[in-house]
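Written below as structure tokens is the structure these notes are about.
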Amino acid sequence: MMALRLGDTAPDFTAETSIGKLSLHEFLGNSWGVLFSHPADFTPVCTTELGTTAKLTNEFIARNTKVLALSVDGVASHHEWIKDINETQNTQVNFPIVADEDRKIAELYDMIHPNASATLTVRSLFIIAPDKTVKLIITYPASTGRNFQEILRVLDSLQLTANYSVATPADWKQGEDVVVVPAIKTEDIPAKFPKGFTEVKPYLRLTPQPNL
């Protein structure tokens with residue numbers, strides 16, 4: 001099958017998880033979603049990743065975002081692993097870990113890259129919008145843990161640019177100036193962005209973040 005691309009509808013699935021059976025689209029409802037895969041339970045980098053995610057619970061709630069992890073191990077293994085995560089990372093995992101023992105979801109989302117490993121999922125991460133379209137795909141090798149501050153930063157950008165005719169520049173963070181999209185004529189900027197703007201070049205116009 002073809003790999004998922006930005007703008008595609010995130011494939012729905014029903015699966016057993018550490019909090020019971022759930023369907024992805026129903027679970028997400030009107031929220032944004034982060035679905036991310038892990039090579040296996042009881043692996044060191046994954047343990048730190050899930051611990052970090054749990055510690056960021058309030059950050060995800062503030063962004064109306066639900067999180068699901070996925071591993072090719074089963075529910076019983078997940079429950080034992082969660083005990084280790086809670087203990088070693090000093091937190092409480094409160095989001096579902098999907099059991100994908102038959103690798104059907106991993107194949108649906110192209111999470112297994114045979115040249116990296118024929119059996120284990122790489123560190124794939126998908127951000128899914130409330131309309132269930134895929135807005136971001138990041139894939140790390142199994143040896144490299146993810147940067148969750150970057151994931152929060154991208155969520156901020158996606159949610160901002162979904163509602164305003166702006167884009168976010170390199171290294172942008174919440175509260176910083178944003179770029180007015182080229183489709184907006186310079187003479188129309190004051191009406192749309194009353195906080196003012198700076199014209200660096202005719203194609204590069206900056207304005208304060210409009211939703212603050």
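Can you say whether residue 110 is closer than 20 Å to residue 145 by Cβ, in contact (Cβ under 8 Å) with a residue 24 or more places away in the chain and among the acidic types (Asp, Glu), as far as the supplied structure shows? No, not satisfied.
The residue that is farthest from residue 12 (Cα to Cα), among those in region 106-142 that are modelled with pLDDT of 90 or more, open to solvent by less than 10 Å² (accessible area, probe 1.4 Å) and of a type outside the set (Ser, Thr, Tyr), is 125.
Comparison of 126, 148 shows that the only residue that is in contact with a strand residue (DSSP E or B) (Cβ under 6 Å, 6 or more places away or on another chain) and of a type in the set (A, V, I, L, M, F, W, C) is 126. Give the residue that is farthest from residue 47 (Cα to Cα), with candidates limited to residues of region 143-166 that are in contact (Cβ under 8 Å) with a residue 40 or more places away in the chain and open to solvent by 50 Å² or more (accessible area, probe 1.4 Å). So, considering only residues that are in contact (Cβ under 8 Å) with a residue 40 or more places away in the chain and open to solvent by 50 Å² or more (accessible area, probe 1.4 Å), the one farthest from residue 47 (Cα to Cα) is 164. Could you check region 76-101 and list, in sequence order, the residues that are touching a residue at least 12 places away in the same chain (Cβ under 8 Å), of a type in the set (Asp, Glu) and surrounded by fewer than 22 Cβ atoms within 10 Å (Cβ to Cβ)? Correct list: 80, 84, 101.
Table: residues versus (1) aliphatic (A, V, I, L, M); (2) surrounded by fewer than 20 Cβ atoms within 10 Å (Cβ to Cβ).
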| site | (1), (2) |
| --- | --- |
| 11 | no, yes |
| 19 | yes, yes |
| 27 | no, yes |
| 36 | no, no |
| 41 | no, no |
| 45 | yes, yes |
| 48 | no, yes |
| 55 | no, yes |
| 60 | no, no |
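For region 62-75, the candidate set comprises residues that are of a type in the set (Gly, Ala, Ser) and surrounded by 15 or more Cβ atoms within 10 Å (Cβ to Cβ); within that set, the residue that is nearest to residue 125 (Cα to Cα) is 69.
The values are calculated or read from the model by the stated rules, or taken from the named source; none is laboratory data. Not measured: the values here are computed from a predicted model. Glycine also receives a Cβ, built like all others from the backbone with ideal geometry; neighbour counts cover every protein chain displayed. Remember, those area values only see protein heavy atoms, side chains included, never the ligands or the DNA or RNA. Shrake-Rupley method; radii C 1.70, N 1.55, O 1.52, S 1.80 Å.
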